[in-house]
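I have placed the structure first, in the form of structure tokens, so that the comments after it can refer back to it.
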Protein chains: 2
Amino acid sequence: MSYTLSANEENIVRLVRTRGLISRADLSRETGLSKPIVSNIVSKLINEGAIIEKEIGMSSEKGGKKPILLSFASTYKYIVGVDVGGNKLIAILTDLDGNIINKVRKVTKGIKSKNALTEIIFQGIEEVITVDKAMILGVGIGVPGTTDIKTGFVYYMPAFELSDIPLGEIVSSHFGIPVMISNDVTVNALGELSKGSARNIKDLCLIAIGTGTGAGLILNGSIYSGSHNMAGEIGYMITDWNKENKSRNRTFGNYESWFSGNGLEIKVKEKLGLNLTTKEIFDNLDKSRDIKEIFLQGCEHLALGIANIITLLDPQMIILTGGVGYNQYDMILRYLMPFLEVIVPPEILKNISFSRGELGDLGVSVGGVSLIHDNYFLKM
Amino acid sequence: MSYTLSANEENIVRLVRTRGLISRADLSRETGLSKPIVSNIVSKLINEGAIIEKEIGMSSEKGGKKPILLSFASTYKYIVGVDVGGNKLIAILTDLDGNIINKVRKVTKGIKSKNALTEIIFQGIEEVITVDKAMILGVGIGVPGTTDIKTGFVYYMPAFELSDIPLGEIVSSHFGIPVMISNDVTVNALGELSKGSARNIKDLCLIAIGTGTGAGLILNGSIYSGSHNMAGEIGYMITDWNKENKSRNRTFGNYESWFSGNGLEIKVKEKLGLNLTTKEIFDNLDKSRDIKEIFLQGCEHLALGIANIITLLDPQMIILTGGVGYNQYDMILRYLMPFLEVIVPPEILKNISFSRGELGDLGVSVGGVSLIHDNYFLKM
DNA sequence: TTGTTTGTTAGTAACTTTAACTAACTAACG
DNA sequence: CGTTAGTTAGTTAAAGTTACTAACAAACAA
């Protein structure tokens, strides 16, 4: 079969899937399509394996023939999602409902060549696929850098010091399978949208705080990447413009110096002369006033950045995730909110949900799966 | 006829319109549709009056029958666009190509009641329509406030001290014509997108600087309003967070105090004790160092806000317009850019076009026309 | 005249609808 | 318990819509 469903087929698959168990008669009523054409499409979908006749239902109290209840066959195709991180690669294999069938981890730390990187990606994908390759709908990849989602071209990945790689084509032609690539944080946002804490959200800003800080945007229900694939690179935002530093050139790029793993570590080292890891910093928050002050300053700037995001974009939800944002979510939120409550008027703040990234370190790989799912199967 | 064209009809109308003069054979080639179905659709569209057989073209050098060249009949429907401002109302009547057929101005200053406002809107629309009402496709309105574009509901218009008016329904039921309503700045952005300086732009941020300051966003080619219809209310953005003022509560809302007509007037009064109009401030920029300093400070904050917008949204174009932004565009840009060049790295700044709102004070009304055009006729 | 191009006509295929049908079931009643 | 009426599920048949291909006439250059 071709994976391009017609509008009516899509509609019926979507309904069968969301309703769980539904009869042809109900499908006809819900779609407004005639009974014959529903039967027609259903038998086609059954032939393809997309849906199955699961069981016989009950007649209504008024009598009548018992309905044949249809059910979505989530395992008739599989999707691979890949999170290419600066330290590790995670590849997952899921069915069409996003259930994780297999998971593979690889070390990527220290990789600096295009060949080594593509090789490890090939390996991860190869190893994670435990089903017939013909059953794979596609591979969705999130990479730490600027990418063109339409072509799968990767412009720049600072973590690997690599530029201008047509990664989409490379992976796609190697496996003979559709491949989609986008920025990891953006993909993470998509993951939370479809399988995480942002289900049914239209306008989402996901802030990933790890070594650095970046945002992924879902606007009007779709990925927003900007005109040069740089949207959400808020590591460069400015929240500290004042008399002391306005004279120095090129201030662009100091937001993440205030609040990110790296930023906090450097500030602790500069101001206190301590060589602490991010985890140690958080562990010592309540023990050291000095560390807490640095952390509070960071929260203040984080709050300013978020306030500006709220002002400009009026999102429905803001998710904090990433290595630091996910693990230290409660701590960050506890000290972040008081600042936000001062900066943002309550009638605006109350409309915005704050949430922890539910998917944790699987956010990007799950988002990769969503990328393929939404573009090659069904946009839910 | 119904105004809902099928996908193929839309395609053909779009082609006829953009190509100017085109034959059925060419349409068939360009759309990939067969010649018969093109002839079929064309004759239907001719019947409706949407296109006409304009003239006979030339055969190619190799001979062959001369083509009948088709042309778009832009006057087969008309659209009304309305700019409801705090001081004045502008209503325009255009054909489908956006050519302005008629224009009406009304004074709205001092209006504080719902009835007075709807009455003046009714009058403006009534007076501007000089064609058969049956030829009107719809009325698109931009109002200074928060609105729901889907329902035409107006939540709050500070300029008139009015809240919670179902203006869309009110106007629509009065004239029996489709009505769409959105925020004036957003509508202005749409106007510049379709008929102004942002043609073919996908991601646009229009900054309207007048009495206050607001932004209108077009993202992924569509209006972006946010989840609570507050997107782009950058008057509340923060660019001046520092030790001096961080202690005061509720800082949210000081961006436009730095750069807007009102903001500049107030600063000049506070700091210099002068009661100058915005125009007088600009006229005296090169004569008074004190005024210039205030202006420069304003530009600095404007630049910071724009830098943050660039960081977050990576737009393709930034338009300055509005009473002040349009009239003082050159002056503002001259002093704004040096700040931006310091704040934003050149490799990023060079990708972003800055432009004056080409439509001037017709931006909102033209945008209102686009609103109807795009939603009830053709999204170009 | 020959080759080329435009636009139409005729016939066909794909998809969808309406109307009518069969199959299967509940409820009620004698 | 068997029969009948009424209801519901899903299929079949006929007809309409929308597109396509094939074939052709008209118009024109060389």
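The values are calculated or read from the model by the stated rules, or taken from the named source; none is laboratory data. Remember, it's a predicted structure, so these values are computed and weren't measured experimentally. Neighbour counts are summed over all protein chains in view; Cβ atoms, including those assigned to glycine, are modelled from backbone coordinates with ideal geometry. Surface accessibility is based on the protein's heavy atoms, side chains included, excluding ligands, DNA and RNA. Shrake-Rupley method; radii C 1.70, N 1.55, O 1.52, S 1.80 Å.
Go through B:SER34, A:LEU378, A:PRO346 and say which Cα lies farthest out towards the positive end of the charge dipole of the protein assembly as shown; charges sit on Cβ, +1 for Lys and Arg, -1 for Asp and Glu.
B:SER34
Which Cα, out of B:VAL139, B:LEU162, B:ILE100, lies furthest along the positive dipole direction of chain B (beta carbon charges, K/R +1, D/E -1)?
With unit charges placed on the Cβ atoms, the residue in question is B:ILE100.
Evaluate the Debye formula for the range A:7-72 with equal point scatterers sitting on the alpha carbons, no solvent, and hand back log10 of I(q)/I(0) at q = 0.13, 0.22, 0.25, 0.29 Å⁻¹, in q order, two decimals.
Computed log10 I(q)/I(0) values: -0.31, -0.87, -1.11, -1.41.
Highest mean first, what order results for B:192-198, A:54-60, B:99-105 on Cβ atoms within 10 Å?
On the way: B:192-198: 24.3, A:54-60: 11.7, B:99-105: 15.0.
Final packing ranking: B:192-198, B:99-105, A:54-60.
Nm distances between the label at B:THR118 and the same-position labels in the remaining copies, 7 Å along Cα→Cβ, shortest first?
So the distances to the same position in the other copies read 6.6 nm.
I need the fraction of alpha carbon pairs in the range B:199-358 separated by more than 26 Å, rounded to a whole percent. Display every interim value, and only then the final one.
Numbers: 3260 of 12720 pairs.
Cα-Cα pairs of the range B:199-358 separated by over 26 Å account for 26 percent.
What gaps in nm, shortest first, separate A:THR151 from its twins in the other copies when you place the label 7 Å past Cα toward the beta carbon?
In ascending order, 4.4 nm.
Angle between the Cα long axis of helix A:35-48 and the longest principal axis of chain A, 0 to 90 degrees, nearest 10?
Roughly 70 degrees between the two axes.
Apply the Kirkwood formula to chain A: the hydrodynamic radius equals the inverse of the mean of 1/r over all pairs of different alpha-carbon atoms; give it in Å with one decimal. Don't jump to the answer; show the numbers that get you there.
Numbers: mean 1/r = 0.0442 Å⁻¹.
Result for chain A, one decimal place: 22.6 Å.
With both partners inside the protein assembly as shown, how many of the DSSP beta bridges are antiparallel, as a percent to the nearest 5? Write out the running numbers ahead of the final one.
Details: 72 of 112 bridges.
The antiparallel proportion sits near 65 percent.
As I understand it, the value is the acute angle between the Cα axis of helix A:289-313 and the longest principal axis of the Cα atoms of chain A; what does it come to in degrees, rounded to 10?
In chain A, helix A:289-313 runs at an angle near 50 degrees to the longest axis.
Label position 7 Å from Cα toward Cβ: report the copy-to-copy distances for A:LYS54 in nm, one decimal, ordered from shortest.
So the distances to the same position in the other copies read 5.8 nm.
Show that you can apply the helix-only estimate: for the protein assembly as shown, add -39,500 (n - 2.57) for every DSSP H stretch of four or more residues, divide by all residues, and state [θ] at 222 nm to the nearest 500. All intermediate terms of the calculation are to be shown ahead of the outcome.
Values: 28 runs with 306 residues, N = 760.
Counting only the DSSP helices, I get -12000 deg cm²/dmol.
What is the angle, in °, between the Cα long axis of helix B:329-343 and the longest principal axis of the Cα atoms in chain B? Nearest 10 is fine, range 0 to 90.
70 degrees
Stick to the Cα atoms of the range A:337-380, pair each with every other, and give me the Kirkwood hydrodynamic radius in Å at one decimal.
Details: mean 1/r = 0.0754 Å⁻¹.
One decimal place: 13.3 Å for the Kirkwood radius.
Sorted by accessible area with a 1.4 angstrom probe, largest first, how do B:ASP286, A:ASP184 fall?
Values: B:ASP286 105, A:ASP184 35 Å².
Accessible-area ranking of B:ASP286, A:ASP184, largest first: B:ASP286, A:ASP184.
What does the charge add up to near A:LEU336, with Lys and Arg as +1, Asp and Glu as -1, over the other residues with Cβ less than 11 Å from its Cβ?
Numbers: positive: A:ARG334; negative: A:GLU300, A:ASP330, A:GLU341.
Within the 11 Å Cβ shell, the charges total -2.
To make sure I understand the rule: partners must be aspartates and glutamates, Cα under 13 Å from the Cα of B:LYS269, and not fewer than 8 residues away in the same chain. Which ones qualify?
Filter leaves B:GLU280, B:ASP290.
Starting from the Cα coordinates of the protein assembly as shown, work out the convex hull volume and express it per residue in Å³.
Values: hull volume 164.2 nm³, N = 760.
Dividing the Cα hull volume of the protein assembly as shown by its residue count gives 216 Å³.
Taking a quarter of the surface of the convex hull around the Cα atoms of the range B:1-44, what do you get in nm²? Working shown, then result.
Numbers: hull surface 11.8 nm².
So the mean shadow area of the Cα hull is 3.0 nm².
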